[in-house]
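Everything on this sheet refers to the single structure shown next.
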Amino acid sequence: MSSDYDPTEFIDGDFEARKPTPATAVVVTGPGTAQRAPTREEVDSRVVEAQQRLAELKRAQEQLERERTALEETRRRQSEFQTGRQEMLQHLTRSLGLLEEAEFDARREAEQMAGALVELREALTKIQGVREETWTQENFSVELTRALTALENARMEWNAARLKFPILSGKEAEESGPDATARDSGHTLLEKHGFFELCRLGFALTWPVAAVLALGFGTLLALALRH
């Protein structure tokens, strides 16, 4: 048996045929492989993209701010409407009740006043219709009794009207007359000046009288001491 070594005996021909050549081998880069630095154009492009994104975000923020401002204004107006509505409902309801009551009283008073006007006109017509020059010796007693009756009825109508309508008694004129003016001026004086100011004002007005009285009292005392 031959002892010569043949290296070709352990070579697989099919494997060697499928093995790529060094010229067509693919270079695989792993995690530890160094990456190349970005170029100036790539950096500029990324800066432009970032600026565009920032501009878009700023526009979106401004839009949201406008929407928030509009919503807050809408909420304020709604709150103002609700508060004003509730307030006006209360005021209008109360005002309607008061005016309806006042209208009813005024209508009733107007009706009473219209009736009083009719009665007073009738009484005036009856009194004006009395003609003394037409009385004769025969009808004097009857006409005088009739005239006195008309006069008494007129007086009753007038007194009843005075009780119903204070204006016939002149009360409103008295309330707005000189006495009311004096009372108002007195209240105004007391409201404008305090107690100490009024005291000083009174002293300023009365000190001449007090000085004259003191001088007279001193003179009398001196005369008494001489005697």
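Each reported figure results from applying straightforward, stated rules to the coordinates on display, with no laboratory input. Since the structure is predicted, the reported quantities are computational estimates derived from the model, not experimental observations. FYI the Cβ positions are ideal-geometry reconstructions off the backbone, even for glycines, and counts take in every protein chain you see.
Things to note:
- Shape annotation for segment 73-136: C-alpha extents along the principal axes are 94, 16, 7 Å, from largest to smallest.
- Environment charge of residue 106, counting only residues whose C-beta is closer than 15 Å and scoring Lys/Arg +1, Asp/Glu -1: -3
- Around residue 83: net Lys/Arg minus Asp/Glu count, Cβ-Cβ under 15 Å: +2
- Lys, Arg +1 and Asp, Glu -1 on Cβ, resulting dipole of segment 55-101 about Cα centre, debye, nearest 20: 180
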